Amino acid sequence: MKCCDNIDARMVDETSINLDPIQVGGRLTPEAMKAMISWGDGYSVCDNCRKPFRLDYIQNPPLKDFHVDVAEWLGMAQARTIPGARRGFQQVAGTYVEKGDPVLIGALAHYTSYLSVELQKGIVREIPKTADNHITAEDTANRIEDVVREFGTAPKLLYIDHVDYQFGNMHDVKGIAKVAHQYDIPVLCNGVYTVGIMPVNGKELGVDFIVGSGHKSMAAPAPSGILAATEERADEVFRTTQMEGDITGRKFGIKEVGILGCSLMGAPIVGLLASFPTVKARVEHFDEELANSKIVVEALRSIDGTKILSEYPRKHTLTRVDTTGSFDQVAQTHKKRGFFLSSALSKKGITGIIPGATKVWKINTYGMTRKQAEYVADAYLEIAETNGLTIN
């Protein structure tokens, strides 16, 4: 059988409660699925592309209004759709970073932040994390001064995670941005775990750029995302082409350089668009998400030997758990070794945990109902008790 002759239907979220940290915020809405059926073709959204021939000017489907609405929703001046958050990092770095330029990045940042600087031949300098895994304004100020002494200039750009992917911790973005702006450093806020999950306002945070992920947190197909900028920075990061062919004299209108003219088309942008009303509404109920997350986290904490490595009380639904002293002790003698936990969860209709992981692992409870949260909590307790662990 050839590789592509038979692609099985994926039924993960239809048949299980999914705890996968990177998947739960990207589950499509019914509206997005419906829109993809009719608009999924590669260039479908270009049916009505007219002068000036740019994606964010198309009115049917209402992409022009969408770009305006997203910017307003995020408290920013302008926004563009992009093929994933990493391309937002790349676009901003491509605007401000040149060979040998220093860039500050929080030590808990995603690897794509680093690669976006490396692509420009820039030099990364990290802001260290504290003992409790936070990036602070004080440490940021100290590292800026370190960079000034080392390079003779302030960093050309600073990346800070709103919530990091390793611990799901909330960082002092507002304080960090205030410090950076004292040195005229542009600040990029990585909102891949917050934009579309909880309220985010760039004006209140005081940042120059917000990057969001459609497929991670905005109920959209991959690859998709948002890059939003302040009025001051928009003309720089969304600059239009000045290129002219030396023989033909060709010019290319108002195509934007950073995204090579147009970015999202077909299924990714239509899914992003169709889910947007639901996404706007759901961020206002993040307190309910935290309440459901607390049910699961408290159950895990009650298992003797289990530690919550993320900040506590939790401020996000992504949580890092250490069960070296609990489930991993069971794994030492269990016939299935470390796979006993994922196997037991699977039998109870719970998925998303890395098979074999019983030491340190992550869960994300986002999107659960209260009943599902209680079920998952009870499942962990039952598995613990069945395997001789003490419940406190």
Note to self: Take V173 and tell me if it is surrounded by 16 or more Cβ atoms within 10 Å (Cβ to Cβ), more than 12 Å from A109 (Cα to Cα), under 18 Å from the mean Cα position of the chain (by Cα) and among the aliphatic types (A, V, I, L, M).
What the structure shows: yes
Check: Which condition number in (1) in contact with a helix residue (DSSP H, G or I) (Cβ under 8 Å, 6 or more places away or on another chain); (2) among the polar types (S, T, N, Q); (3) farther than 20 Å from V279 by Cβ is the one that T15 fails?
Finding: (1)
Notebook entry, point to check: Scanning for something at pLDDT 95 or above, under 21 Å from the mean Cα position of the chain (by Cα) and open to solvent by less than 60 Å² (accessible area, probe 1.4 Å), does segment 30-40 turn up at least one residue?
Noted result: yes
Next item on the list: State whether one or more residues within segment 351-360 are free of Cβ contacts under 8 Å to residues at least 40 places away in the same chain, in a loop (DSSP other than H, G, I, E, B) and open to solvent by less than 10 Å² (accessible area, probe 1.4 Å).
Entry: yes
Next item on the list: Would you tally the residues in segment 361-372 being surrounded by 14 or more Cβ atoms within 10 Å (Cβ to Cβ) and either part of a helix (DSSP H, G or I) or of a type in the set (K, R) (or both)?
Entry: 2
Notebook entry, point to check: If you scan segment 120-163, which residues turn out to be surrounded by 15 or more Cβ atoms within 10 Å (Cβ to Cβ) and of a type in the set (G, A, S)?
Noted result: G122, A137, A141, A154
Notebook entry, point to check: If only one of D5, D20 is outside any helix (DSSP H, G or I) and either surrounded by 15 or more Cβ atoms within 10 Å (Cβ to Cβ) or of a type in the set (S, T, Y) (or both), which one is it?
Noted result: D20
Check: E232 versus (1) buried (at least 17 other Cβ atoms within 10 Å of the Cβ); (2) within 23 Å of Q90 (Cα to Cα); (3) not small (G, A, S): which is the lone unmet condition?
Finding: (1)
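Does Y375 meet the test of being open to solvent by 30 Å² or more (accessible area, probe 1.4 Å), over 30 Å from P30 (Cα atoms) and of a type in the set (F, W, Y)?
No: the conditions fail for Y375.
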Notebook entry, point to check: Picking from D65, D69, which residue would you name as being at pLDDT 95 or above, open to solvent by 60 Å² or more (accessible area, probe 1.4 Å), touching a Phe, Trp or Tyr at 6+ places or on another chain (Cβ under 8 Å) and of a type outside the set (V, I, T)?
Noted result: D69
Next item on the list: Only one of these is over 22 Å from the mean Cα position of the chain (by Cα), open to solvent by less than 30 Å² (accessible area, probe 1.4 Å) and free of Cβ contacts under 8 Å to residues at least 24 places away in the same chain: G325, G338. Name it.
Entry: G338
Notebook entry, point to check: Which helices (runs of 4 or more DSSP H) sit wholly inside segment 118-231 and have at least 3 residues that are free of Cβ contacts under 8 Å to residues at least 60 places away in the same chain and in contact with a Gly (Cβ under 7 Å, 6 or more places away or on another chain)?
Noted result: 173-181
Checklist line | Residue ID - most open to solvent (accessible area, probe 1.4 Å), chosen from residues in segment 256-279 that are in contact with a helix residue (DSSP H, G or I) (Cβ under 6 Å, 6 or more places away or on another chain) and farther than 30 Å from T241 by Cα | finding: A274
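The values are calculated or read from the model by the stated rules, or taken from the named source; none is laboratory data. Keep in mind it's a predicted model, so treat the numbers as computed, not measured. With ideal geometry, Cβ positions are generated from the backbone for all residues, glycine too; neighbour counts draw on all protein chains shown. SASA here: full protein model, heavy atoms, side chains in, ligands and nucleic acids out. Shrake-Rupley method; radii C 1.70, N 1.55, O 1.52, S 1.80 Å.
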